[in-house]
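Read through the structure below, which is laid out as structure tokens, and then see the notes.
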Amino acid sequence: MQEQQRLAHLYNLSILDSEPDPKFSRIVRLVKRVLDVPIAAISLIDQRRQWCLELQGADFVEIPRHDSFCQHTIQQGSTLVIPDARADARVAGSPLVSGDAGIRFYAGHPLTLCPDIRLGALCVFDTKPRSMGEEDIQFLADLAETVVNELKASMLINIMAQR
């Protein structure tokens with residue numbers, strides 16, 4: 001993945017630090033309810049942080065990138081499931097695991113704008129370890145694609161507004 005190109009696409013969206021958007025709120029509410037998790041988010045990863053475009057069930061809207069679960073999702077490029085965060089060396093040291101949030105389970109699917117351009121993830125968290133079946137993984141992937149389509153539409157609107 002070309003990091004500079006990825007960041008350029010992210011910044012061109014002009015969506016970082018924006019106000020909540022009902023279309024993204026609906027998607028997160030749906031994934032949270034269907035997958036029966038206490039926390040769900042749409043995260044975007046910039047050079048130094050993870051920022052949540054939409055977050056429900058928690059208050060960690062922005063965290064340093066190095067503490068982020070979703071950074072591993074965008075590096076992997078496919079759905080990442082961590083059944084027990086305490087047992088996974090990539091995230092066990094994150095304050096989200098060791099701190100008040102008490103995160104134990106994570107699943108995220110990358111928001112892939114185009115090949116090798118992954119902007120963030122649609123993700124879910126739980127405070128207890130758990131597994132995730134194939135149907136639920138596919139559901140998460142399908143909704144992540146819906147998020148990507150909405151982001152692409154926003155990008156087109158920005159381009160048209162500049163003309």
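Read-outs: derived from the displayed coordinates by stated rules, not from any lab. Since the structure is predicted, the reported quantities are computational estimates derived from the model, not experimental observations. Here the Cβ positions follow ideal geometry from the backbone for every residue, glycine too, while neighbour counts run over all protein chains shown.
Compute the long axis of helix 134-161 from its Cα atoms, compare it with the longest principal axis of the Cα atoms of the chain, and write down the angle in degrees, 0 to 90, nearest 10. Value to nearest ten degrees: 30.
Overall, region 3-158 carries a charge dipole of about 100 debye about its Cα centre when +1 sits on the Cβ of Lys and Arg and -1 on the Cβ of Asp and Glu, all other atoms neutral. Using helices alone, what [θ] at 222 nm do you get for the chain, with -39,500 (n - 2.57) per DSSP H run of 4 or more residues, divided over all residues and rounded to the nearest 500? Helix-only estimate at 222 nm: -12000 deg cm²/dmol. Each Lys and Arg contributes +1 and each Asp and Glu -1, all at the Cβ; summed about the Cα centre of region 1-70, the dipole is approximately 240 debye. Dividing the C-alpha radius of gyration of the chain by 2.2 N^0.38 Å, with N its residue count, gives 0.98. Between 41, 58, 120, the Cα set farthest toward the positive side of the dipole of region 1-150 (charges on each charged residue's Cβ, about the Cα centre) is that of 58. Per-residue 3J(HN,Hα) values for region 44-53, derived from phi via the Karplus relation 6.51 cos²θ - 1.76 cosθ + 1.60 with θ = phi - 60°, read 10, 10, 9, 5, 10, 8, 10, 10, 8, 4 Hz in sequence order (x marks Gly and Pro).
Measuring between their Cα centroids, region 60-87 and region 144-160 lie 23 Å from each other. Relative contact order for region 55-163: 23 percent, from Cα pairs under 8 Å spaced at least 6 residues apart, divided by residue count.
Relative to the longest principal Cα axis of the chain, at what angle does helix 3-12 sit, 0 to 90 degrees, rounded to 10? That works out to roughly 60 degrees.
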